[in-house]
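The values are calculated or read from the model by the stated rules, or taken from the named source; none is laboratory data. Everything quoted here is computed from the prediction, not taken from an experiment. Here Cβ is always computed from backbone atoms with ideal geometry, including for glycine, and neighbour counts include all displayed protein chains.
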Amino acid sequence: MRVLQALYAHAQGGGGAEHVAWAVLEPMLEKDPDALSFARELFEQTVESAVETDALIRRHSENWDLDRIALTDRLVLRMALTEFLHLEDVPPKVSIDEAIEVAKGFSSEGSPSFVNGVLDAALSELKREGRLHKTGRGRVGMEE
């Protein structure tokens, strides 16, 4: 949830990722260094991976132009896809469950099923292509 707030601020303000991470994530998570480290990693990797994750979103969101997908939904999808691709210790099920919960809290009524559908299809593609590399069981107790 914190990372989504930072991504939203970054998308709306267009400021540098480092400044947004400092201004949004640091004050909220400064008392939990592990959570802050994870949030910064996910935020920075999501920003860096936007072109790659947007391509996956385009392929798996039938009849939707990327620009017509609500910003919050796009950001939730980018975060989960970034976790699939670049955060080896976060299991895909955790990424999907978290994305659905965030969509329930911050998006429209149809967003959770849309997010679930796109992520399921993208996960199948990544598995089929051998692009999914997972090593751990997740970060227990970490808040996004």
When residues of region 42-96 are limited to those that are among the acidic types (Asp, Glu) and either in contact with a strand residue (DSSP E or B) (Cβ under 7 Å, 6 or more places away or on another chain) or surrounded by 15 or more Cβ atoms within 10 Å (Cβ to Cβ) (or both), the one farthest from residue 6 (Cα to Cα): 54
Residue 107 over 19 Å from residue 129 (Cβ atoms), in the same structural domain as residue 119 (by TED's automatic domain parsing), surrounded by fewer than 21 Cβ atoms within 10 Å (Cβ to Cβ) and of a type in the set (Gly, Ala, Ser): yes
Residues that are farther than 15 Å from residue 72 by Cβ and not β-branched (Val, Ile, Thr), drawn from region 91-112: 91, 92, 93, 95, 97
Filter result for residue 118 (out of contact with any Cys (no Cβ under 7 Å at 6 or more places or on another chain) and either surrounded by fewer than 24 Cβ atoms within 10 Å (Cβ to Cβ) or under 19 Å from residue 38 (Cβ atoms) (or both)): no
In region 39-69, the residues that are under 11 Å from the mean Cα position of the chain (by Cα) and among the hydroxyl-bearing types (Ser, Thr, Tyr): 46, 49, 53
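Restricting attention to region 112-144, and to residues there that are of a type in the set (S, T, N, Q) and at pLDDT 95 or above, which single residue is farthest from residue 41 (Cα to Cα)?
Filtering region 112-144 down to residues of a type in the set (S, T, N, Q) leaves 113, 116, 124, 135.
If we keep only those that are at pLDDT 95 or above too, we end up with 113, 116, 124.
Working: 113: 27, 116: 23, 124: 25 Å.
That would be 113.
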Failed item in (1) of a type in the set (A, V, I, L, M); (2) more than 24 Å from residue 123 (Cβ to Cβ); (3) out of contact with any Lys or Arg (no Cβ under 8 Å at 6 or more places or on another chain), with residue 56 passing the rest: (2)
